[in-house]
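Just below is one structure, and these are the notes that go with it.
The values are calculated or read from the model by the stated rules, or taken from the named source; none is laboratory data. Quick caveat: nothing in here was measured; it's all calculated off a predicted structure. Note that each Cβ is placed from the backbone with ideal geometry, even for glycine, and that neighbours are counted across all protein chains shown. Side chains included, ligands, DNA and RNA excluded: accessible areas come from the protein's heavy atoms. Shrake-Rupley method; radii C 1.70, N 1.55, O 1.52, S 1.80 Å.
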Amino acid sequence: MDTNQYLEMFLDESREHLQSCNQYLLKLESNPDDLTIVNEVFRAAHTLKGMSATMGYTDIADLTHVMENVLDAIRNAKLQVTAEMLDYVFEAVGYLGEMVQDIEAGGTGEKDVTDLVEQLTRIESGERTIKSSQSEVAATVIEENSEATTLQYDEFETTVITQSFDQGYQVFEVKVTLREDCLLKAARVFMVFEILENNGDIIKSVPSVEKLEEEAFDQEFTVVMITNEEAEGIQSKIMKVSEVDSVHITAISKQSLEDGKRHQEEKIARTAKETKQSSDVTKKDKKERPAQTPAANRTIRVNIERLDVLMNLFEELVIDRGRLQSISTELHHPELTETVERITRVSGDLQNIILNMRMIPVETVFNRFPTMVRQLARELNKKVKLQIVGAETELDRTVIDEIGDPLVHLIRNALDHGVETPEERVANGKPEEGTVKLSAYHSGNNVFIELEDDGAGVNRERVLAKAVANGIVTEEDAETLSDKQVAELILASGFSTAETVSDVSGRGVGLDVVRNTIESLGGHITIESTEGQGSLFQVQLPLTLSIISVMLVELDSEVYAIPLSSIIETAIIHQSDVMNAHSQRVIDFRGNIIPLLDLKEVFELTEEQAADEDYQSVVIIRKGDKLAALKVDSFIGQQEIVLKGLGNYLTNVFAISGATILGDGKVALIVDCNALIK
Amino acid sequence: MTEIAQQEITKVIIFELMDKEYAIEIDVVQGIERVMSITRVPKTPSYVKGVINLRGVVTPIIDLRERFLLEPKEMDDRTRIIIVTLENYDVGLIVDGANDVIDLPLKAIEPQPQVVGSVASEFISGVAKVEERLFVLLELSKVLEPIKAEVK
């Protein structure tokens, strides 16, 4: 079977299922008794198993299979949830993630899983024998129930059933079990329903019809029907549907119905949920199904590359729109002007829609952190609770792609250096469990992502000692720095507060990498920290990277764009304001001596020295708290531009972060201010 | 390769450079453009002429004469930019002229001789003689090795 065309879908869905496995496992860890959570994990694992088997990734299928067995044992109350067991299941999910990644990278998704499979099998079978007596008890209870009726009926259904008895009809509970390897469960359900509807009326199904359509069930489902046909006839008709394993028909009598009702009253607390679920699917509801189904699935997956193509096409439209606008101003033709205005308005709306389509909730990045924090905390022998706030905050795809790694870094840092060991925490009068809070929110044209911990905070003395030792600040300067400035020293290059290199932080990269990444995205990072009480890392990011505001400047006849996020202000300075210090030209900017760079020299434009005029245009830019002035020929003005890369051929061009296409169709380069300030 | 061998011919685009004729396989050619406004990119090797706006995609342009260390020539009406696509990037090549697409019999292709004019032999994958014309086949992946940063 050629599966290539499904590969992308497979990858997407696998990631989703693994994600929900992780999520629910974390929930399960805090509520080990909640079997509905186990069901969710089981369902995700089960779907994954089916998908990977279809796609021919047997290792994934094998691993999910044993994992599923363990989960199955849990939900059938044959196993008790333990921390050790969850560790293995988490590990299995981690393995599966790696395998899926491998497939994504073009690999085969093969991995040696024998050890893990053995462990899981041991958990499943080893514990099962111990608890077998218990499970027997459970089984008998179920059997007793089934003699009466396995389902509960609400008042409406009971009335319908009673009336059917009065009219001489029979009511059957038809329990259909599909074969384990059944691939198109929904299709089989449909076929079974069709047969039943031809032979009578369906009044109820468990799980609900919607669930059945979504394949949100295992191998079994039960349908209640009113009919005047014989049970055997119906059974044999259903058995003709392929991939049906067994059909079990129980006739409901008045007696059993009443028994069931009494049983139901006894267990009101438990059944409240189920009745609600089942009452959703009365016959009346079923007729509304066509209307409901599309409502449940109103989104489509779009390949992000297609959106990029759309964006490119749209940009061309914007460029042509610019041309049309200038033509229409020249011609003064009223009808043309009106049409151009309308095109401008419509395309403005279009631009908003296209940009919005590229917005993704930050959840896609945040999702991987709970598992990560859990693992890290175990590695470090710390107790940490991760709170996530504002995961629904949306960001452009371009930003989402970039922020994952810096955040991973910050979280690692918070767990490794921030949160103390449980003993230290108790000694300091704090709760044993540390809290790390990750939040995201919008503010103006920015998105803020904050990471707050209630750990040890930044130790001023230690940080300063290290900074002085590493030559980042001089001893004299060290005295004058504010606490905030000291805290931010840990972001300086060449700084690492780790006294011993641990597994977690000893990866050879410091927080300076985080700062550089964030600044290259046009964002900022700040730290607030109180010693002994915790730290707050605040990352400010632009909403989108695909459209940015820039100042266009002219150098000779070349046009360059300087991102507004880097600009503090523009100024005209007199020749006499320029001073020389250490063979570097500097100017006095509001009391600060800052270097003056001639952009023409930087960009190797042939400059005629004689053309030095009395007044010069400069742009004051910043990188962190460092400033510099850039000398340019003239300012053209502020503009929103579409950011474009220079492609893979020209990588790492000095001081150029990308390019854009101007209204006249020409390319203008974007100045990378971060590269200009050392 | 077996597929090509069965066909026994390969379609190539012929372009001129310093009165010589060069060939590149048509599969990698995305289009042939007239000269358009090129934006210089500072601090790149001199054969990188800059970037153009190729229907919304910023595409780098390199001057093949300079890449081959041949004497430069002013662009004129015949100058063309051949857009080629390699693995994961597009590049435009400035050539003196491009006006021919021919079927090149594979038999006619010979391995690169020791000396072919003045173009460094590492850029050449072979030569082909068809009737009285001699074509030089370019090893594009060598010619277009991505520019690594020349950070100062």
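Of note:
- The protein assembly as shown: C-alpha gyration tensor shape, a/c 1.5 cut-off, then a/b vs b/c: prolate
- Theoretical FRET efficiency, 1/(1+(r/R0)^6), r = Cβ-Cβ of A:Phe190 and A:Asp112, R0 60 Å, to 0.05: 0.90
- Ranked by how many other beta carbons lie within 10 Å on average, peptides B:124-131, A:616-623, A:180-187 from highest: A:616-623, B:124-131, A:180-187
- The long axis of helix A:334-357 is offset from the longest Cα principal axis of chain A by roughly 60 degrees.
- Full-stretch length increase - A:Glu104, A:Asn470 - with 0.36 nm per residue and alpha-carbon distance subtracted: 127.6 nm
- Within the range A:1-65, none of the trypsin sites (Lys or Arg not before Pro) combine a DSSP coil assignment with at most 15 other C-beta atoms in a 10 angstrom radius.
- Per residue, the accessible area of chain A comes to 52 Å², computed with a 1.4 Å probe over protein heavy atoms only.
- Average beta-carbon neighbours from other chains, 10 Å sphere, peptide B:83-89: 2
- Extending 7 Å from the Cα toward the beta-carbon at both A:Gln80 and A:Thr36 defines two label points whose distance is 2.4 nm.
- Computed from Cα positions, the angle between helix A:4-30 and the longest principal axis of chain A comes to roughly 80 degrees.
- Interface residues in the range B:21-48 - accessible area drops by 30 Å² or more relative to the isolated chain, probe 1.4 Å: B:Ser37, B:Thr39, B:Arg40, B:Val41, B:Pro42, B:Lys43
- Structure-based [θ]222 nm, chain A - -39500 (n - 2.57) summed over DSSP H runs of at least 4, per residue, nearest 500: -15500 deg cm²/dmol
- Apportionment of accessible area to carbon and sulfur, the range A:3-125, percent (1.4 Å): 46
- Spin-label model distance (nm) - A:Glu423 vs A:Leu350, 7 Å beyond Cα toward Cβ: 6.7
- Linear extension gain, A:Asp512 paired with A:Asn580, 0.36 nm per residue minus alpha-carbon span: 21.4 nm
- Two-site FRET efficiency, B:Lys11 against B:Glu145, from Cβ-Cβ distance with R₀ of 25 Å, rounded to 0.05: 0.50
- Scoring A:625-636, B:76-87 by mean Cβ neighbours within 10 Å over their residues and listing the highest first yields A:625-636, B:76-87.
- Theoretical FRET efficiency, 1/(1+(r/R0)^6), r = Cβ-Cβ of A:His442 and A:Arg590, R0 41 Å, to 0.05: 0.85
- Counting only alpha carbon atoms, the long axis of helix A:397-413 and the longest principal axis of chain A meet at about 90°.
- The distance between label points at A:Thr606 and A:Ser242 comes to 7.8 nm (points 7 Å beyond Cα on the Cα→Cβ vector).
- Remark: accessible area buried at the B-A interface is about 2400 Å², both chains counted, probe radius 1.4 Å.
- Neighbour-limited loop hits for chymotrypsin sites (Phe, Trp or Tyr not before Pro), the range A:22-93 (at most 11 other Cβ within 10 Å; DSSP other than H, G, I, E, B): none
- Take each residue in A:662-671, count the other chain C-beta atoms within 10 Å of its C-beta, and the mean is 4.
- 10 Å Cβ neighbours from other chains, averaged over peptide B:56-63: 6
- Listed residue (A:Asn652, A:Ala629, A:Val671) projecting farthest to the positive dipole end of the range A:600-678, Cβ model: A:Asn652
- GluC sites (Glu not before Pro) restricted to DSSP loop in the range A:377-437 with at most 14 other C-beta within 10 Å: A:Glu392, A:Glu432, A:Glu433
- Euclidean distance between Cα centres, the range A:369-430 to the range A:526-551, Å: 16
- With a 1.4 Å probe rolled over the protein heavy atoms of all chains, the accessible area of A:Leu650, A:Leu564 falls in the order A:Leu564, A:Leu650, largest first.
- Mean-position separation - Cα centroids, the range A:11-46 and the range A:80-130, in angstrom: 14
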